[in-house]
Structure formats: structure tokens, C-alpha cells
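Let me begin by presenting the structure, written as C-alpha cells, before commenting on it.
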Amino acid sequence: MTIQLGVQMMMVKNQVAEQGMFAVLQQIKGLDLHSVEVSQIPMNEENTADLERGVKELGVSVGALSVALEAAKANPIIDALDRDFDKIVADCRRLNCSFLRIGMMPREAMTAKHLTEEWAAACEPYAAKLKELDITLCYHNHHVDLAQFDGERIFDIVRRVAPSMEFEVDLHWVQRGGMAPLDMLEAYAGVCRLIHIKDYRVVPVPQEALEAQARGDNEAWAKAFSEIVQFAEVGQGNMNWPKLLPAAEAAGADFFFIEQDNTYGRDPFDCLRDSREYLTSIGW
């Protein structure tokens, strides 16, 4: 399968709310991006119908939909496997979508090894059942998923306890978590089916922070220093995309989704355009 390049729609959730899903899909297609991952956007009938229309009329593919494990612990706009299983499967069939993704486990599950194991064990029956239906459930990492319990990373615990679940590897968060992204891609070859591509930028210390330090305001200095790490448009940070993208392809990825968690006041479509132009420039 040729890798499809698309957009993590969390970036344009406000535009979807204001303009409608189909209008946003038209703009995404106009940027030469041809797939989407739906996140932080309700899968109500209006949005689902517009996604279906986008598939049929624009040729946009729905690469992945976002779900939670338990409705009681999830954002109420997100479909949950324990409550909405049949609807989720029906949405996948309607949109010709083969991937679901869980964006993060509940916070308490990340605080102790046995809690991570319990959460992953609860995911496994759903992942196995979905696999029988030709739908792959993936788990998405943040930097916290590289925290270790007894020398085992959270991400690896999930892999061990829920073998039917595969992975969405966010290369920015891997870097931020202190692991080389190329090492993660090698370690997860064959099960990293979805890839988030977003850059990692470090900006210069602002003059205001130095002025605060000179005034003896060490708290303001510390806050400014902690914020020099930023999310960035692809190609405008320090990630080595010419090496990372072929490695992700070799590791078995089906989709690359551009994502930028914070655009720092820029129009997200301008950010997506910059990312797309850079990716084109390196052959993607």
C-alpha cells in the first residue's frame, strides 16, 4: 500500500465547527492532502455525512477515527468502545476506514505499572474483536508513554499486554520523551501503522526573560525557559525528516498525518500549507 499523507483534524476542529466539515475537507484537498484523521470532532450525523460526501466527491480518505475505551472516562464528544461499539464499526464501514486510534489512556492509568496493565488488558478484547472485523485499533503515544516502570516503558507495557492493538507513533513526542525516533521506528516495525509527523522547534530565549531575571524574577525566567520548546510546521524544526519518513515507511506505516498541537496564533491552514510544501520539497 502506498503511504497516504493527510491531516490530523484536531488542527482544524474550530474551522469544522464554524464552516462545516465538507468546507474544511475542500480546503484540505486544495493543499494536496488527501486523507484525514478525525480527532476532537464529534462523529455526529452531520459530520459523518460530510465525511462520506468528502470520500465520494473529493476522493479524500478517512484514514482513522478517534475512540476512547470507556465512556465514563472520556471526553463526551468521543465515541467509546464500551458504549458505542456497533456505531463505531458502522462508521468505519460507511467511511471505508480501517483504523481506529486511542489518543491517550486515562491519566490515572499512567501513574503505576499495574494500572497501565489493567487498562491495556481492558483494551485487548476490543482490539481482537475489531481485528476480526478488519479494523485495526491503534494506541497513540505522548512523551509520558516513554516513562518507565521497573525498566519497562508504558508504551512497551501496552504492546505486551494488548498484543492485538497496534500503534500510532507520534515522532515529536518520541523525541520529546528522550528516545531517538529512528530507534522507536525500528523497535516498533510492523506495528506502527499510523505516524504523526510534527516538528520539534527550540526558539531563542526571549529578551523579556532576561529582563525578568535581571529584576530578580526567577519564576518568570523559569517559565520562559520552559517554553522555548515548541511544536512546529514540518521542516521548520530540528527533526530529520529525510531520514525519518523512509524509516517510517520501512516500519510498515500506512498513513502519515501532519499535526501541530499549537500554531501560536497562525492560521492552521497556513501551517499545513508550509508543512505540505516542505514535504513536497523532499519528495513526499
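The values are calculated or read from the model by the stated rules, or taken from the named source; none is laboratory data. Keep in mind the model is a prediction, meaning the values are calculated, not measured. For neighbour counting, all protein chains shown are included, and Cβ atoms are generated from backbone atoms with ideal geometry for every residue, glycine included.
For the reader, a short list of remarks on this structure follows.
- Residues that are assigned to a helix (DSSP H, G or I) and not β-branched (Val, Ile, Thr), drawn from the stretch 145-175: Asp145, Leu146, Phe155, Asp156, Arg159, Arg160, Leu171, His172, Trp173, Gln175
- Cβ pairs under 9 Å, 6+ apart, first in the stretch 135-158 and free of Cβ contacts under 8 Å to residues at least 12 places away in the same chain, second surrounded by fewer than 23 Cβ atoms within 10 Å (Cβ to Cβ) and in a strand (DSSP E or B): Asp156/Gln148
- Verdict on Ala90 being under 24 Å from Ile157 (Cβ atoms), out of contact with any Asp or Glu (no Cβ under 8 Å at 6 or more places or on another chain) and assigned to a helix (DSSP H, G or I): no
- Yes/no for Lys243 being over 30 Å from Glu132 (Cβ atoms), crowded, with 22+ Cβ neighbours inside 10 Å, modelled with pLDDT of 95 or more and not hydroxyl-bearing (Ser, Thr, Tyr): no
- Any hit, the stretch 44-59, residues being surrounded by 14 or more Cβ atoms within 10 Å (Cβ to Cβ) and within 20 Å of Glu132 (Cβ to Cβ): no
- Residues in the stretch 33-50 that are among the hydrophobic types (A, V, I, L, M, F, W, C) and closer than 18 Å to Gly103 by Cβ: Val36, Val38, Ile41, Met43.
- Residues of the stretch 95-109 that turn out to be touching a residue at least 12 places away in the same chain (Cβ under 8 Å), within 16 Å of Lys73 (Cα to Cα), among the aliphatic types (A, V, I, L, M) and out of contact with any His (no Cβ under 9 Å at 6 or more places or on another chain), as a count: 1
- Single residue of Ala212, Ala224, Ala187, Ala220 found to be assigned by TED's automatic domain parsing to the domain that holds Met104 and either of a type outside the set (Asp, Glu) or touching a residue at least 12 places away in the same chain (Cβ under 8 Å) (or both): Ala187
- Contacts under 7 angstrom Cβ, first residue in the stretch 7-20 being within 11 Å of Glu37 (Cα to Cα), partner at pLDDT below 95, 6 or more apart: none
- Counted residues, the stretch 117-144 - those being within 21 Å of the chain's Cα centre (by Cα), closer than 21 Å to Leu65 by Cα and either part of a helix (DSSP H, G or I) or at pLDDT below 95 (or both): 8
This table checks each residue for (1) buried (at least 19 other Cβ atoms within 10 Å of the Cβ); (2) farther than 30 Å from Ala189 by Cβ.
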position: Ala212; (1), (2): no, yes
position: Gln230; (1), (2): no, no
position: Ala248; (1), (2): yes, no
position: Arg266; (1), (2): no, yes
position: Ser275; (1), (2): yes, no
position: Ser281; (1), (2): no, no
position: Trp284; (1), (2): no, no
